[in-house]
Amino acid sequence: MAIAGTIAGAISRSIVGALTDAFQPGGGGGGGGAGTTGPWDLTTLTAAETGNFQVRNYQSEPRAVWFKPDGTSFFTLGIGSARLLRWDMSTAWDVTSTGAVAVSMVGLLADLQPSGLWIAADGSFFVYVGDNGNDVHKHAMPTPWDPSSASSVPDASYDMTSDGVTSPTAVHFNGDGTKMFVMEAPATYLINEFTLSTAYDPSTATFVGDFNLGTGSGNAYQHGLWINSTEIYVNTQADTIHKWTFDGNTVASIVYDSSQGYTQVQSAPRGLWMNDDWVAYMDWNGLDQVHIHAWGPHS
């Protein structure tokens, strides 16, 4: 697959996807980004990456990555610099065209071991989970997609300790933001379900229950989560993405589907970001890079 052709196709589909997202209910949420429709066939994922970029000089031990819907920027979150960083690309979706960090939060995040990252489709806020406090934090970005406009003080938070959640690694929402899903420490293999009385507001969360993802994934350590409507994707330390299906709202309905391995230049992948054209994640064991792979046709 030619990289130039793939990128051109992605840009074209992103324009259509952006128009589609604009007319979806709850425009501020639904953070799948442009071109996110699915369902996706994991067997069409290209094993070899199409590109990578090292963020180590600005953010060591990165834990999460998120792309702007038009593919011109990506965002990283990590332990080495507990701030949300934005990186701009001169060629959309081509991480090898990334320059130095473009925009950074001014202050440190409340939890100095941030992990999973979720950004609203309109860039107006972001949510992350903290390993230190077992909590979920939400920050507004008054200037969309600009981390420097975000306060270091969260606008809303929820402590999951009393719900039995330890060392959360990822967070995601259902389509209308009334359900929040948090993946737990790698060795527990749990995905936790919360109901939100106010959409996308973690401070209104009520714990519902959890589901053990370990059996389907062969108990591989899990570090990245992506939910696309009725599909759940998990990135594991075994360089494999696993897929489950469910009703889109309740973890009790989860059924294992399939898996697909990929080739990685370094171990310990972290995070997961997906749309119809691309799959991206970080690594933190030595290289501290963002990696991106291309899809074949989705089913």
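Structural remarks
- R0 of 35 Å, Cβ-Cβ distance S258-T96: FRET efficiency to nearest 0.05: 0.70
- Extension gain, A140 to S162: 0.36 nm times the residue separation minus the Cα-Cα distance gives 5.3 nm.
- Within the range 163-256: Cβ-based charge dipole about Cα centre, in debye rounded to nearest 20 (Lys, Arg +1; Asp, Glu -1): 120
- Inter-label distance, A47 to T245: 2.7 nm, where each label sits 7 Å from its Cα along the C-beta direction.
- Amide proton proximity set for M160, modelled H, under 5 Å, gap of 5+: D135, V136
- Per-residue 3J(HN,Hα) values for the range 37-43, derived from phi via the Karplus relation 6.51 cos²θ - 1.76 cosθ + 1.60 with θ = phi - 60°, read 10, x, x, 10, 9, 4, 5 Hz in sequence order (x marks Gly and Pro).
- Label zone (D70, point 7 Å along Cα-to-C-beta; backbone nitrogen cut-off 18 Å) within the range 91-109: 91-95, 97-99, 102-103.
Just so you know, all these numbers are worked out from the coordinates, no wet-lab data involved. Remember, predicted model here, so these are calculated numbers, not experimental data. Cβ sites come from the backbone with ideal geometry, for glycine too, and all protein chains shown count toward neighbours.
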